[in-house]
Amino acid sequence: FQYLKRFNQGCDLDTFRYEALSVEGSPAECLQLFLLHCGIVDPSWAELRNFTCFLNIQLRDCEASVFCDPVFVQDTLNGF
């Protein structure tokens, strides 16, 4: 949700890191963003769960990768 919220606001995500245990927004706002970005017109709860799990794994792996670290990469892959 933290990534999708910032993406929706047009923020730079290259330097953002997930903040564990921090609470942002409301459950309704979270659901709205998931529905907006999941890519399915009328998703089931299972499809929303699969979307959030997949997104979470991808973003966690991205944060852990040295190739996505802005300090390591510097400006060579800006916005990639």
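Bear in mind these aren't lab numbers, they're just calculated from the coordinates by the rules spelled out. Quick caveat: nothing in here was measured; it's all calculated off a predicted structure.
A full extension of the chain between D14 and S26 corresponds to an added length of 1.9 nm, given 0.36 nm per residue minus the alpha carbon distance. Pairs of Cα atoms in the range 14-63 fall into 10 Å distance bins, from 0 up to the last occupied one, in shares of 22, 50, 27, 1 percent. Taking the C-alpha atoms only, the angle from helix 27-37 to the longest principal axis of the chain is near 70 degrees. Relative to the dominant Cα principal axis of the chain, helix 45-64 is inclined by about 10°.
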